[in-house]
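Down below is the structure, laid out as structure tokens.
Rule-based calculations on the coordinates, nothing more; no lab input. Everything numeric in this text was worked out from a predicted model, so none of it was measured. When we count neighbours, we look across all protein chains shown, and the Cβ atoms used for this are built from the backbone with ideal geometry, even at glycine.
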Amino acid sequence: MHDDLTQCPECDLLQRIPVLPPGGSSVCARCACVLHRDRPDSLNRTLALTIAGLALFAIANGFPFLSFSMQGQVTQTTLFTGVLELYGQGQWQIAAVVAFTSILAPGLQLTLLLAVLIPLYARRLPSWLPSLFRYVRNLTPWGMMDVFMLGILVSVVKLSEMATILAGPSLFAFGVLIFVLAGAQAALDPDLVWSRVRRGTRAGVPLRPQDSIGCEVCELVVARRPAPAPGAGLRPHCPRCAALLRYRKPASLERTWALVLAAVICYLPANLLPIMTVTSLGRVRSDTILSGVGYLLTHGMWPLAAIVFVASVFVPLLKLLILVYLLISVEVRSSWRPRERTRLYRITETIGRWSMVDVFVVSILVALVRLGNLASVTAQTGAIFFCAVVVLTMLAAMSFDPRLIWDRLGPDLEERALQQGRDHVRDRERGDPGARGADGPSAALARTG
Ligand SMILES: [Zn+2]
Ligand SMILES: [Zn+2]
């Protein structure tokens with residue numbers, strides 16, 4: 001069960017959520033983003049997968065991960081070794097990012113999720129539950145175990161000529177954990193959690209979008225200027241999840257411009273400076289991002305070379321170009337193809353994290369290759385700039401508010417976009433077009449399967 005009113009988080013259209021068939025989803029009638037999904041047996045499945053995930057997480061962090069053997073000398077690593085080695089080499093910035101994205105964020109996400117699911121399972125509702133679930137949602141984009149796995153693959157290929165790499169029990173647990181974590185995220189129905197939190201009141205919600213705010217976290221539709229609750233301070237907070245209610249993300253354009261410019265400045269040194277130095281049998285070689293791709297290419301690993309090139313060079317550049325285009329289009333109040341521009345924004349949000357793969361490769365190599373003059377890897381300044389590009393572009397995408405794209409449209413264009421959205425979904429999914437009342441909110445579109 002979920003509340004029947006929702007305000008699209010990407011285009012701000014106020015809509016009624018239709019009753020969904022099992023496994024069906026509803027999409028925004030205007031910008032075609034997915035609003036809700038029906039996830040059968042969500043609580044039981046998420047709980048089971050979360051418990052399994054925590055057990056695997058403990059194994060992945062407590063046992064040897066990979067070992068590196070060269071001319072009779074062996075180094076053994078755990079997941080945390082890369083972080084320690086980077087810190088020891090004075091690269092604390094990369095160490096912090098790697099520790100957060102590969103260990104801390106996934107671990108916290110699983111622990112907090114369990115802390116939310118157990119009371120729900122026991123049909124209790126402690127007062128801290130909504131805030132905790134808010135943190136779970138905020139942590140999700142920063143957990144990058146899947147990207148780390150790709151980093152392992154690249155590292156093993158890079159080292160295969162130089163030495164023998166052996167997998168420890170941790171690696172197998174880590175591999176399964178990625179699927180379990182993805183499964184838990186797919187099974188989790190945020191509405192299930194929010195609908196149990198009864199502090200929200202939906203009485204007296206106005207039906208015009210300009211009079212209401214959709215909570216960015218729990219998607220409750222609230223009247224635009226509610227009287228501040230006692231003790232809540234002057235700024236209005238969501239009555240259900242206690243998140244700050246914002247009509248639009250504050251100073252969205254200014255913040256996004258600043259972050260994009262900072263990322264552009266870091267992009268050049270990130271690609272020109274070496275990201276690591278490899279010493280092998282007395283020979284020293286410096287690797288930039290591109291020479292790393294070249295190495296894979298000359299050793300016949302062209303599929304992996306293509307993946308690393310796309311993730312490390314192409315994706316950050318594409319993301320920056322898209323963000324600059326979106327910013328300019330909003331600044332000049334463009335009304336051109338708002339639905340496609342919203343979709344572009346959605347792409348930048350999803351693909352950015354994969355650029356982190358080269359940062360992970362550096363941390364894995366630094367951890368594995370620690371045999372002094374015989375063989376060693378040190379992280380270099382380029383890696384810090386590269387890491388900064390990835391984090392800055394992710395923050396830039398998060399601070400951009402796609403609703404600004406739609407704010408600039410007049411009523412005629414809005415109606416046209418709405419009709420296009422209906423046509424689009426009907427063509428693709430053959431779902432029922434929602435009926436739009438004369439003065440009420442339009443209905444979101446239902447999709448089966
Ligand atoms: Zn929308
Ligand atoms: Zn809320």
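Quick look at the numbers
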{"quantity": "Per residue, the convex hull volume that the Cα atoms of the stretch 1-96 enclose (Å³)", "calculated": "196 Å³"}
{"quantity": "Nonlocal amide H pairs with C33, under 5 Å, H built at 1.01 Å", "calculated": "C28"}
{"quantity": "Interchain or long-range residues, amide H under 5 Å from L5's placed H", "calculated": "I17"}
{"quantity": "Long-range amide H partners of M276 with built H, under 5 Å", "calculated": "D287, Q380"}
{"quantity": "Cα lying deepest toward the dipole's positive end in the chain, options P169, P274, S155, charges on Cβ", "calculated": "P169"}
{"quantity": "In order through the stretch 300-314: 3J(HN,Hα) via Karplus (6.51 cos²θ - 1.76 cosθ + 1.60), integer Hz, x for Gly, Pro", "calculated": "x, 9, 5, x, 5, 4, 5, 4, 5, 4, 4, 5, 9, 9, 6"}
{"quantity": "Between 0 and 90°, nearest 10: helix 252-272 axis offset from the chain longest Cα axis", "calculated": "20 degrees"}
{"quantity": "Per-residue ³J(HN,Hα) for the stretch 241-248, Karplus 6.51 cos²θ - 1.76 cosθ + 1.60, θ = phi - 60°, Hz, x for Gly and Pro", "calculated": "10, 6, 6, 5, 8, 10, 5, 9"}
{"quantity": "Highest to lowest packing among 145-151, 191-197, scored as the average C-beta count within 10 Å", "calculated": "145-151, 191-197"}
{"quantity": "P(r) weight above 13 Å for the stretch 116-186, C-alpha pairs, percent", "calculated": "76 percent"}
{"quantity": "Theoretical FRET efficiency, 1/(1+(r/R0)^6), r = Cβ-Cβ of L108 and Q73, R0 35 Å, to 0.05", "calculated": "0.45"}
{"quantity": "For the stretch 73-152 versus the stretch 254-317, the gap between their alpha-carbon centres in whole angstrom", "calculated": "25 Å"}
{"quantity": "Calculated FRET efficiency for the pair R285/R246, C-beta based, R₀ 41 Å, to 0.05", "calculated": "0.25"}
{"quantity": "The chain: angle of helix 381-399 to the longest principal axis, Cα-based, in degrees nearest 10", "calculated": "10 degrees"}
{"quantity": "Peptides 124-135, 109-120 ordered by average Cβ neighbours within 10 Å, highest first", "calculated": "109-120, 124-135"}
{"quantity": "Label-to-label distance, nm, for residues given as I59 and T350 (7 Å Cα→Cβ offset)", "calculated": "3.1 nm"}
{"quantity": "In nm, spacing of pseudo-spin labels at R333 and R224 (7 Å Cα→C-beta vector)", "calculated": "1.8 nm"}
{"quantity": "Mean separation of Cα contacts under 8 Å (6+ apart) over length of the stretch 210-325, as relative contact order %", "calculated": "15 percent"}
{"quantity": "Dipole magnitude of the chain about its Cα centre (Cβ charges: Lys, Arg +1; Asp, Glu -1), debye to nearest 20", "calculated": "820 debye"}
{"quantity": "Estimated vicinal HN-Hα couplings, Hz - the stretch 146-163 in sequence order (Karplus 6.51, -1.76, 1.60; Gly, Pro = x)", "calculated": "5, 5, 4, 4, 4, x, 4, 4, 4, 4, 4, 4, 5, 8, 4, 7, 8, 7"}
{"quantity": "Additional length obtainable on full extension of the chain from L321 to Y121, 0.36 nm per residue less Cα span", "calculated": "67.5 nm"}
{"quantity": "Relative contact order computed over the stretch 5-425 (Cα-Cα under 8 Å; 6+ residues apart), in percent", "calculated": "24 percent"}
{"quantity": "Bins of 10 Å, starting at 0 and running to the largest distance - Cα pair percent for the chain", "calculated": "4, 18, 26, 25, 16, 8, 2, 0"}
